[in-house]
Amino acid sequence: MIKIGIIGAGRIGKVHGEGVTYGVKNAVVTAIADPYLKEEITEWATGLGIKACYKDYRNILEDPEIDAVMICSSTDTHADISIEAIRAGKHVFCEKPISQDLNKIKEVMEELKKSNVKFQVGFNRRFDHNFQAVKNAVEVGKVGDIHLIRITARDPQAPPIEYVKSSGGMFLDMTIHDFDMACFLSGSQVTEVYAAGAALVNPDIAGVGDIDTAVITMKMANGALAVIDNSRQAVYGYDQRAEVFGSKGQIAVGNDALSTAILSTADGVTGEKPLYFFLERYMQSFSREVSEFTDAIEKDAEVPVDIEAGLQPILIAVAAKKSLDENRPVKISEIIF
Ligand SMILES: NC(=O)c1ccc[n+]([C@@H]2O[C@H](COP(=O)([O-])OP(=O)(O)OC[C@H]3O[C@@H](n4cnc5c(N)ncnc54)[C@H](O)[C@@H]3O)[C@@H](O)[C@H]2O)c1
């Protein structure tokens, strides 16, 4: 059994605590750490059988029984905690993004080179059953040469303004998953990005220098074109769709719902709304990504999303922000790393 310590017991820390406990066969969470350790968190941890709750994550790093850490704390802490964890000889699963600061990512990479630990980045959508079906079909050539990729990702509700302020902006916080998906589905890299954005959901978001609505067009290294559309607020729920179109055809996935029941009456035809948000929609993918991480540790194999793969969407996000600010297409090669 691989023993895991979770650092950060907020939204995603709890998702992973439950995902590992109920969905990962060869791992167990033995400790969590969060500086704002409230009674509600310790009760939640006890309910899952997690033995130790700390305020300081260093207690986890100092525990020789713990094999791996999952870094689920606020984004600005990821890189420094990653470096400390690697130095402590722990395998690291780091939530996205690795950092908003490219120099910090370099430091993590340097530290990794000196060690033998595994390092996986939390791009969970790669492990979603829908997106994997698209990827598999594309990989075996069912759609032929890829010409177009379309990704729609809209959240049900904009985050609080305090979150927006420290999120690094919508491209680094939210669209980053879609940038990763464009690379994953196409098996290629983004070479150029052109972004348009606006704050149409909440003007306060513009007040802190961010956007909540965007359309991003991209050129891929394999010649394909890709387009992402984002909104921080879709009133009908979490809207997560993708399409890959090519010389032999097209493959597309829609939203998951609680049921596929359709009600038809004299007033019209209605179905279920999409599952509400990422907790509901992607729970299975969170367990699957960690299962692959712990399998890689057990078998001493490659992790499925390594630090290089985790870096690409960050570079694209930085280029997209530059494109938005300068109102022009930006090549990824313009971003100095
Ligand atoms: N993969 C995904 O789909 C996904 C979804 C949500 C969040 N995330 C990422 O996970 C991270 C956390 O997001 P969240 O929504 O859970 O935020 P959150 O604010 O709900 O939780 C963050 C937690 O980290 C704790 N924390 C802060 N500094 C810490 C430290 N030094 N040591 C230990 N804990 C510390 C905070 O007290 C808080 O409880 C972000 O980087 C976010 O981008 C990823």
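The values are calculated or read from the model by the stated rules, or taken from the named source; none is laboratory data. Note that this is a predicted model, so its numbers are computed, not measured. For neighbour counting, all protein chains shown are included, and Cβ atoms are generated from backbone atoms with ideal geometry for every residue, glycine included.
Listed here are the residues, each with its yes/no results for (1) of a type in the set (Ser, Thr, Tyr); (2) closer than 24 Å to Thr175 by Cβ; (3) assigned by TED's automatic domain parsing to the domain that holds Ile176.
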{"position": "Asp212", "(1), (2), (3)": "no, yes, yes"}
{"position": "Asn222", "(1), (2), (3)": "no, yes, yes"}
{"position": "Ala242", "(1), (2), (3)": "no, yes, yes"}
{"position": "Lys248", "(1), (2), (3)": "no, no, yes"}
{"position": "Thr260", "(1), (2), (3)": "yes, no, yes"}
{"position": "Asp295", "(1), (2), (3)": "no, no, no"}
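Which residues, counting only those in segment 42-61, are closer than 14 Å to Gly5 by Cβ and within 14 Å of the ligand (Cβ to nearest atom)?
Correct list: Ala45, Ala52, Cys53, Tyr54, Lys55, Asp56, Tyr57, Arg58, Asn59, Ile60, Leu61.
Select from segment 265-290 the residues that are surrounded by 19 or more Cβ atoms within 10 Å (Cβ to Cβ) and of a type in the set (Ser, Thr, Tyr) and write down the one among them that is nearest to Met174 (Cα to Cα).
Of the residues in segment 265-290, the ones surrounded by 19 or more Cβ atoms within 10 Å (Cβ to Cβ) are 274-275, 278, 281-282, 285-290.
If we keep only those that are of a type in the set (Ser, Thr, Tyr) too, we end up with 282, 285, 287.
Numbers: Tyr282: 15, Ser285: 17, Ser287: 20 Å.
Among those that are surrounded by 19 or more Cβ atoms within 10 Å (Cβ to Cβ) and of a type in the set (Ser, Thr, Tyr), it is Tyr282.
Filter segment 94-148 down to the residues that are within 24 Å of Ser291 (Cβ to Cβ) and free of Cβ contacts under 8 Å to residues at least 60 places away in the same chain, then identify the one that is nearest to the ligand (Cβ to nearest atom).
Filtering segment 94-148 for residues that are within 24 Å of Ser291 (Cβ to Cβ) and free of Cβ contacts under 8 Å to residues at least 60 places away in the same chain, the one nearest to the ligand (Cβ to nearest atom) comes out as Gln132.
Please work out which residue is nearest to Tyr276 (Cα to Cα), limiting yourself to segment 228-244 and to residues that are assigned to a loop (DSSP other than H, G, I, E, B) and under 16 Å from the mean Cα position of the chain (by Cα).
The selected residue is Tyr238.
Considering only segment 276-303, state which residues are in a loop (DSSP other than H, G, I, E, B), at pLDDT 95 or above and either of a type in the set (A, V, I, L, M, F, W, C) or under 15 Å from the mean Cα position of the chain (by Cα) (or both).
Hits for segment 276-303 are Ala301, Val303.
May I ask you to verify whether Ile66 is within 16 Å of the ligand (Cβ to nearest atom) and β-branched (Val, Ile, Thr)?
Yes: the conditions hold for Ile66.
I'd like the residue in segment 245-269 that is in a strand (DSSP E or B) and among the hydrophobic types (A, V, I, L, M, F, W, C) and, out of all such residues, is modelled with the lowest pLDDT.
Going through the qualifying residues, I end up with Ala257.
Condition first: near the ligand (Cβ under 9 Å from one of its atoms), touching a helix residue (DSSP H, G or I) at 6+ places or on another chain (Cβ under 7 Å) and modelled with pLDDT of 95 or more. Can you find one or more residues in segment 72-88 that meet it?
yes
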